[in-house]
Amino acid sequence: MTSPSFDALVIGAGVGGLCAAARLAHQGYRTLVVERLDQVGGRASTHDVDGFKINNGAIVLELGGITEQTFAELGVEYNVRRPSPPLMYRIGGKTMDITGGGWGMLLSKLTRQGAKLVSGLGAARHDDGLPEDQLSLADWVGRYTKNETVHGVFRNMCGSVFAVGSEELPAKVFLTYFTRKSAFKKFGFCPDGTIGPWQALADYLPLHGGEVWLSSQVDELRVTDGQVTGAVIERDGETVEISCRFVISNAGPAATADMCPEDALPDGYTADLREKLKPCGMITVNFASERPLLDAPGLTSFGKTRRLVYVANFTATCPEMAPPGWHLYAGTSVPKPAVGDFDTEAETELLMADLRDEVPGFDEAKIVSVAVMRDDWPPQRAVAGFDLPHDTPIPNLFNVGDAVKEYANGGTTACAETAKIVVDKLTERFPR
Ligand SMILES: Cc1cc2nc3c(=O)[nH]c(=O)nc-3n(C[C@H](O)[C@H](O)[C@H](O)COP(=O)(O)OP(=O)(O)OC[C@H]3O[C@@H](n4cnc5c(N)ncnc54)[C@H](O)[C@@H]3O)c2cc1C
């Protein structure tokens, strides 16, 4: 029997994998996506819990960046609704709308050093205004002020975007992101939960000659003469072999290396990847109530908290995410430390304590789920600024996803960006 043959094998139906696969199919490459789980989206997916649409990772999706651009190029609907205002701050028990005034307005209300901080942010627009690589964001803020609320604002902004504390992120990454990138200035929620756009990409594939195999796992890559020629896949309890011209992996660089025969990679390559990859952790409490608990229709961020970085209000813009009459929220924290080991129980308790303090009526809310995301299910597989390359020692094997982000990018946007870069490279190297 001959094995099924494809131009491209994409391992994993996360954001990076599906954006890459859809781009390839759009250009006429016969593309197979293999996903070990029974649904798409990876760490940006959604499950039904008692009629609530509960995200298993990503919460908000960027509008106006590379992700929306990908959907526009493919002609696929990007169903993301923007709350208005998207972001509010709750400081000292009051909710503040900073629309129009931005950080300048917020910081000037919190500290007399606000203007200096804003000018420090402004200076970072020029390369010579960026700090040295080793300086953490917390230390950079500390050059301007000791104000704990201001430090809290930066810690929480850092946590929201990069999923680490401000003491764990180089200031240069943060400043580069906010002065040179699309920087999540516009964002929203999908009424189907975060899975929505990725499901739309998975639905696009079969219409353009592609296939998506769910509940299927790539076990091994076949490598001949230094090139990947195919893969061994577990599908419906059977072992299937396929052949392909090239492979894009969304499984993370270390898991990808594990799929290769040992002699296909240089000595120490996989160990080196594991050493360099520093995944972080986050905790989310999904809660619901029959009366509204927050004024802000999008994200609420905070000043000084124990661990809480934001609360998302889904149902103000997407009532479809909860049964009729219910309001659905998610409160997310960055543990200390976010990189490395942390005490799950104690960290969850600190998040609960913050939610009790910051969300009036939280004690009467229904706790729909508590999710600790770490280790093999991290909010970011590599901390921004410490990313690995897309390329591998095998010239027709590439990685996409949040371990191989461009410098100073984060989240689903960064994954969609990796897909574009890798597909552009591959289509040039392997014309149809
Ligand atoms: C708590 C939390 C909050 C977050 N908040 C946001 C947010 O609000 N906005 C935002 O943009 N980002 C957010 N993120 C980050 C975002 O979710 C991730 O950066 C992004 O989803 C990672 O996508 P990826 O392309 O790296 O693929 P992954 O999501 O890692 O997907 C990889 C897929 O590959 C599959 N796979 C692995 N091995 C195999 C194999 N051998 N065979 C077949 N399939 C395999 C996996 O099952 C998985 O589905 C958050 C993450 C978390 C955890």
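For the stretch 222-230, check the following and say yes or no: at least one residue is among the acidic types (Asp, Glu) and within 15 Å of the ligand (Cβ to nearest atom).
Pass one, the stretch 222-230, residues among the acidic types (Asp, Glu): 225.
Still in the running and within 15 Å of the ligand (Cβ to nearest atom): none.
Within the stretch 222-230, none of the residues are among the acidic types (Asp, Glu) and within 15 Å of the ligand (Cβ to nearest atom).
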Provide a single number: the residues in the stretch 392-401 that are under 24 Å from TRP198 (Cα atoms) and away from the ligand (no atom under 11 Å from the Cβ).
2
When the stretch 62-90 is checked residue by residue, the ones that are over 30 Å from LEU24 (Cα atoms) and either of a type in the set (Gly, Ala, Ser) or open to solvent by less than 30 Å² (accessible area, probe 1.4 Å) (or both) are PRO83, SER84, PRO85, PRO86, MET88, TYR89
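Residue by residue through the stretch 20-39, note down the ones that are open to solvent by less than 20 Å² (accessible area, probe 1.4 Å) and more than 8 Å from the ligand (Cβ to nearest atom). Outline the logic, then answer.
Narrowing the stretch 20-39 to residues open to solvent by less than 20 Å² (accessible area, probe 1.4 Å): 20-25, 29, 31-35.
ALA20, ALA21, ALA22, ARG23, LEU24, ALA25, TYR29, THR31, LEU32, VAL33 - these are the residues of the stretch 20-39 that are open to solvent by less than 20 Å² (accessible area, probe 1.4 Å) and more than 8 Å from the ligand (Cβ to nearest atom).
Could you check the stretch 130-177 and list, in sequence order, the residues that are hydroxyl-bearing (Ser, Thr, Tyr) and farther than 22 Å from GLU406 by Cβ?
Quick first cut of the stretch 130-177, residues hydroxyl-bearing (Ser, Thr, Tyr) only: 136, 144-145, 149, 160, 166, 176-177.
TYR144, THR145, THR149 - these are the residues of the stretch 130-177 that are hydroxyl-bearing (Ser, Thr, Tyr) and farther than 22 Å from GLU406 by Cβ.
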Can you find even one residue in the stretch 202-212 that is surrounded by 15 or more Cβ atoms within 10 Å (Cβ to Cβ), in a strand (DSSP E or B) and within 15 Å of the ligand (Cβ to nearest atom)?
yes
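Listed here are the residues, each with its yes/no results for (1) open to solvent by less than 20 Å² (accessible area, probe 1.4 Å); (2) in contact with a helix residue (DSSP H, G or I) (Cβ under 8 Å, 6 or more places away or on another chain).
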site: GLY93; (1), (2): no, no
site: LEU137; (1), (2): yes, yes
site: VAL141; (1), (2): yes, yes
site: THR149; (1), (2): no, yes
Out of LYS336, LYS366, LYS304, which single residue is open to solvent by 10 Å² or more (accessible area, probe 1.4 Å) and in contact with a His (Cβ under 8 Å, 6 or more places away or on another chain)?
LYS304
Taking the stretch 246-274 and the residues there that are of a type in the set (Asp, Glu) and more than 16 Å from ARG222 (Cβ to Cβ), the one that is nearest to the ligand (Cβ to nearest atom) would be ASP272
Being outside any helix (DSSP H, G or I) and within 10 Å of the ligand (Cβ to nearest atom) narrows ALA371, ALA384 down to just ALA371
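The values are calculated or read from the model by the stated rules, or taken from the named source; none is laboratory data. Since this is a predicted model, take the numbers as computed values, not measurements. Glycine gets a Cβ as well: all are built from the backbone with ideal geometry, and neighbour counts include every protein chain shown. The area values use the complete protein model at the heavy-atom level, side chains included, leaving out ligands, DNA and RNA. Shrake-Rupley method; radii C 1.70, N 1.55, O 1.52, S 1.80 Å.
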